[in-house]
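Here is the structure we will look at.
The values are calculated or read from the model by the stated rules, or taken from the named source; none is laboratory data. As the structure is a computational prediction, the values presented were derived from the model and not from experiment. Every residue, glycine among them, receives a Cβ derived from its backbone with ideal geometry; neighbour counts consider all protein chains shown. In case anyone asks, the SASA skips ligands and DNA or RNA and just uses the protein heavy atoms, side chains included. Shrake-Rupley method; radii C 1.70, N 1.55, O 1.52, S 1.80 Å.
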Amino acid sequence: MTTFPVPDDVLVKRPRRLRGHPALRRLVRETTLTRDDLILPLFACPGAGVRTEVASMPGVFRESPDRIADTCREARDLGIPAVILFGLPESKDPIGASSWRADGIVQRTLDVAKKAVPDMLYIVDLCFCEYTSHGHCGVLRADGTLDNDATLPNLARQAVSLADAGADVIAPSGMLDGMVAAIRRGLDANGHTSTPILSYAAKYASAFYGPFRDAADSAPQTGDRKGYQQDPANSDEAIREVALDIEQGADMVMVKPAMPNLDIVRRVKDTFGLPTAAYQVSGEYAMMHAAARNGWLDLDRVMEESLVGIKRAGADMILTYFARAMARRLGG
Ligand code: PBG
């Protein structure tokens, strides 16, 4: 007769012992997500009383400055420490000049929101793709390619305008060479030596930005962003990018998108030890919502699991469209 002996010698060690009691699971839990980890992205558009839902991002809206202020109040009451603002200007041109106007959309929003909710931290995304008629992240050469060096002074100009308007943190997202140095010099030369830079240091050319480009109306009219954003196949390149941004004066660095690049989050955190942000981008949010709408996934649980995973990978802060829902789930 065949026998199947139990391997009692190895079973002295039973990891499951620590998983039996719910309270013991709490004691041995290694990663705790808190409301302090969350940054809420917001889209500012012209007008008053405007609140239009983005089709591919349920629960995400384009809002006029007065409505942004309401949302900031709600976020503050939920215990969320920071928002990041994106702007949809009333007009676009080839260089994106509306981005540095004192009465530009983000500048106006900062004015209204800061008065209404002064204890919120206002991070601003710094880029040109929402402001240029061609949708690229800077000025173009005659052949249609991005002119890196001609864009740098414009980035500094936009940064100074936003800092003048009250931005607490500048977050450049264009992946241009020398961008952090140009912005740091511009800020320092214009009285903003204390304004920190959160650099989108390792930003990949990702298909997961699709819904954002609908929300921000920022898709390139021709071509793509592969000439400036990183190839998703590369890891060492991310380390070189982050090192350069730190050399140039970045105070905090970001990896984006989060979920396909959790290994990069870990490498960046371990290598540099700087405050590290991860951006759970629009496509990550949209696909979880879409699956939940089909009844295929439990939205609250995948939201929490994805955010805990990003934190466990090494992120000190997470930009996520789930910020309010997660804060509520955490008891905010
Ligand atoms: C560029 C910018 C983008 C995102 C944040 N900043 C889009 C892009 O690079 O095309 C994407 C964020 C998201 O997908 O949620 N200003």
**Request:** For the range 204-215, state whether one or more residues are buried (at least 16 other Cβ atoms within 10 Å of the Cβ), touching a strand residue (DSSP E or B) at 6+ places or on another chain (Cβ under 7 Å), among the aliphatic types (A, V, I, L, M) and at negative phi.
**Result:** yes
**Residue list for the range 107-133, filter: more than 16 Å from the ligand (Cβ to nearest atom) and assigned to a helix (DSSP H, G or I)** = GLN107, ARG108, LEU110, ASP111, VAL112, ALA113, LYS114, LYS115, ALA116
**Item:** Neighbours by Cβ (under 7 Å, 6+ apart or cross-chain): first from the range 154-179, away from the ligand (no atom under 14 Å from the Cβ); second of a type in the set (Phe, Trp, Tyr) and open to solvent by 10 Å² or more (accessible area, probe 1.4 Å)
**Value:** ARG157/TRP100; SER161/TRP100
**Asked** Restricting the first residue to the range 76-92 and requiring it to be open to solvent by 20 Å² or more (accessible area, probe 1.4 Å), which pairs with a second residue that is part of a strand (DSSP E or B) meet a Cβ separation below 7 Å and a spacing of at least six or different chains?
**Response** PRO81/LEU121; LYS92/THR132
**Message:** Go through (1) over 22 Å from the mean Cα position of the chain (by Cα); (2) outside any helix (DSSP H, G or I); (3) more than 16 Å from the ligand (Cβ to nearest atom) for ASP149 and report which single condition fails.
**Reply:** (2)
**Message:** Please go through the range 180-217 and give me each residue that is in a helix (DSSP H, G or I) and within 15 Å of the ligand (Cβ to nearest atom), ordered by number.
**Reply:** ILE183, ALA207, PHE208, TYR209, GLY210, PRO211, PHE212, ARG213, ASP214, ALA215, ALA216
**Complete:** Of (1) assigned to a helix (DSSP H, G or I); (2) within 16 Å of the ligand (Cβ to nearest atom); (3) in contact with a strand residue (DSSP E or B) (Cβ under 8 Å, 6 or more places away or on another chain); (4) open to solvent by less than 10 Å² (accessible area, probe 1.4 Å), MET303 fails just (3)
**Message:** When you scan the range 36-45, do you find a residue that is over 16 Å from the mean Cα position of the chain (by Cα) and surrounded by fewer than 21 Cβ atoms within 10 Å (Cβ to Cβ), even just one?
**Reply:** no
**Request:** Go through (1) surrounded by 24 or more Cβ atoms within 10 Å (Cβ to Cβ); (2) of a type outside the set (Phe, Trp, Tyr); (3) over 27 Å from ALA55 (Cα atoms) and name the single condition ASP263 misses.
**Result:** (1)
**Asked** With GLY295, GLY314, GLY309 as the choices, which residue is more than 12 Å from the ligand (Cβ to nearest atom), on the phi > 0 side of the Ramachandran plot and either part of a helix (DSSP H, G or I) or open to solvent by less than 60 Å² (accessible area, probe 1.4 Å) (or both)?
**Response** GLY314
**Prompt:** Mind checking which residues of the range 71-89 are aliphatic (A, V, I, L, M), farther than 17 Å from PHE322 by Cβ and in a strand (DSSP E or B)?
**Reply:** LEU85
**Request:** Might you let me know whether the range 5-23 holds any residue that is under 29 Å from the mean Cα position of the chain (by Cα), modelled with pLDDT of 95 or more, open to solvent by 70 Å² or more (accessible area, probe 1.4 Å) and more than 28 Å from ALA167 (Cβ to Cβ)?
**Result:** no
**Item:** Test for ALA159: is it aliphatic (A, V, I, L, M) and assigned to a helix (DSSP H, G or I)
**Value:** yes
